[in-house]
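The values are calculated or read from the model by the stated rules, or taken from the named source; none is laboratory data. Everything numeric in this text was worked out from a predicted model, so none of it was measured. A quick note on method: Cβ atoms are made from the backbone with ideal geometry, for glycine too, and the neighbour counts reach across all protein chains shown.
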Amino acid sequence: MNAREHLDYLDIVFTRNSDTPADAVREGRCIERPDGCGQPLVGEDGTARVFWSQEEAAGYETEWRATGLCPDCQDAADTGSNL
Ligand SMILES: [Zn+2]
């Protein structure tokens, strides 16, 4: 491939694999695989994960804003706060 095609190729590959926590937070979802599940934090029917307490919710939100991982993925990865 020539240089231009190579750049396009890199663009495609980079775009597909460049999901960042900032992207996930901006779109209100979990970061894409392989790090997360890519699912919205609030379902299409408006339901969100139920937390035991405001403190727990705040802890998960802080972690989500830093890592892009939804509460389920935080639990799975064991990176969530232990509030
Ligand atoms: Zn997730």
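When residues in the range 6-22 are screened for being at pLDDT 80 or above and of a type in the set (Val, Ile, Thr), 1 of them pass. Pick from the range 43-78 the residues that are farther than 17 Å from Arg29 by Cβ and at pLDDT below 75: which of them is nearest to the ligand (Cβ to nearest atom)? The qualifying residue nearest to the ligand (Cβ to nearest atom) is Asp78.
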